[in-house]
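Encoded as structure tokens, the structure appears first; notes follow it.
Every number in this text was worked out from the coordinates using simple rules, so none of it is lab data. All values reported here derive from a predicted model rather than from experimental measurement. Note: ideal-geometry Cβ built from the backbone for every residue, glycine included; neighbour counts use all protein chains shown.
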Amino acid sequence: MNGDTNRSDKDVHATEINGHPLRPESLMMGYGYRPDWSQGAVKCPIFQTSTFVFNSAEEGKAFFELAYGLRKAEPKEEMGLIYSRLNNPDLEILEDRLKLWDGAEAAGVFSSGMSAISTTLLAFLSPGDLILHSEPVYGGVDFLLKQILPRFGIRPVAFPAGDGAPAALEKLLLNREIRGKTAMIYIETPANPTNALVDIAACAALADQYRSPNRRILIAVDNTFLGPLWQHPLKHGADLVLYSATKYIGGHSDLIAGVCLGSTELMGKVKLMRTILGTMASPWCGWLLLRSLETLKLRMTSQMKNARYVANYLADHPKVERVYYLGHLTAEDPQHAVYRKQCLSPGGMIAFDIVGGEAEAFRFLNHLQIFRLAVSLGGTESLAEHPAAMTHSDVDPEERIEMGITEQMVRLSIGVEHPEDLIADLEQALAAV
């Protein structure tokens, strides 16, 4: 400690100055942390430790009572540091900052996006429950829903993403047997890889309308494609929002992580399950994410602007049959109203159908020079992949076609390079087809 009492008296969770509200991009630089906690270090250090020392046995007992929900916290009482599987300063500061973008009461950070999703689903689903879900979803989630959860007596029921999603969902909920067993509605919007939207507010209204007297139907939304900047599901009625933080939040293709956010009550259950399953992110990963949050708005804004140029170029190319890009939705498209209501930007993800099939798509991918042929998305570098053969290869082939994931489709994640250079790369790769 450096003994600077003036700085130590400052509120590390202040969100305004003289009545002026501070924006999240400003708060990312210091919210939740005081330099005098760590010898004056301007950045939070890495707390690379497995366990923490208690001041007394009584304190240790009190911390564990809160950690395992054995009693409710007293007014202004907070659980102290115990063990890095339960809590760690890097992750606690990170979670405080993540809450700001989505306006959430609480957040939890996980070792991957899939661990965030699987832990959250297991926290609320029990044998005999149904989970209604939009599709397409990410291939790993599709496998979890259709191959893993049924082994535990949890059955998935799908409805298509897009403008017909609310009507399809309501048709399912009108079935008394389905309605009585539904515990959660899981939505991925925009959908991976088609960019199809699902009206979050409409789904939340249906969940409230058709809930049983003794149990609510939770709405969980995977917001990875638009990230914390361009869509805020909690503001549209979602109970939980999920991210693969590997993507835009991490943003440098150098870490694996996941996030879940929601109310204090719901996140208490998620974090208890995280403690038991051991799916928490490491202190080093938490520190890297703190670094990344400082440039989140800069990166995502650059990627969004670049994507507009790329999408417009592809739309006019004779070897491109169709472009799936939110920025091209017209007023006549039923999805346009949903986009205007719940999205703040079209983001940086584009998919397109090349004229031909898998051979033409592969030839295009194999000739790219700036775009990297790799899965994942949201990094500073531009990436290209073939969903049918890669990220969604484990999805049933017939279902995959119904979802619109054909052998023609290529998915692009736009990075922060110069847009004219990206277009030059696309031009020469398409010329090789």
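Compared with the dominant principal axis of the Cα atoms in the chain, helix 200-209 is inclined by about 70°.
Here's the list of aspartates and glutamates a cross-link from LYS297 could span, going by alpha-carbon distance under 15 Å and ignoring same-chain residues fewer than 8 apart: GLU25, ASP102. With Cα atoms as the point set, the radius of gyration and Dmax of segment 150-290 evaluate to 16.2, 48 Å. Centre-to-centre separation between the Cα atoms of segment 190-259 and those of segment 317-354: 19 Å.
Between VAL433 and ASP333, the modelled labels are 1.9 nm apart [label points 7 Å from Cα along Cα→Cβ].
Among DSSP beta bridges lying fully in the chain, give the percent that are antiparallel, nearest 5. Let's see the in-between values first.
Details: 28 of 48 bridges.
In the chain, approximately 60 percent of DSSP beta bridges are antiparallel ones.
Can you give the FRET efficiency for ALA168 and SER126, using 1/(1 + (r/R0)^6), R0 = 22 Å, r = Cβ-Cβ distance, to the nearest 0.05? Plugging the Cβ-Cβ distance into 1/(1 + (r/R0)^6) gives 0.30. For segment 288-364, trypsin sites (Lys or Arg not before Pro) meeting the loop criterion (DSSP other than H, G, I, E, B) and having at most 16 other Cβ atoms within 10 Å: LYS319.
Amide H to amide H, with H built 1.01 Å from N, VAL355 comes under 5 Å of VAL320, GLU321, counting only residues 5 or more places away or on other chains.
For GLU358 and ARG372, calculate 0.36 nm times their separation in residues minus their Cα-Cα distance, and state this gained length in nm to one decimal.
Working: separation 14, 0.36 × 14 = 5.04 nm, distance 1.81 nm.
Residue separation times 0.36 nm, minus the Cα-Cα distance, leaves 3.2 nm.
Between ALA389 and ARG23, the FRET efficiency estimated from the beta carbon spacing at R0 = 41 angstrom works out to 0.50.
Averaging the sequence gap over all C-alpha pairs within less than 8 Å and six or more residues apart, then dividing by the number of residues, gives the chain a relative contact order of 16 percent. In terms of the mean number of neighbouring beta-carbon atoms within 10 Å, the peptides 83-94, 350-361, 63-74 order highest first as 83-94, 350-361, 63-74. The largest-to-smallest principal axis extents of the Cα set in the chain are 71, 54, 40 Å. Applying a threshold of 32 Å to the alpha-carbon distances of LYS43/LYS247; LYS72/LYS247; LYS171/LYS247; LYS76/LYS341 flags LYS72/LYS247; LYS171/LYS247; LYS76/LYS341 as lying beyond it. Computed packing ranks the peptides 109-115, 264-270, 189-195 as 189-195, 109-115, 264-270, most packed first, by mean other Cβ atoms within 10 Å.
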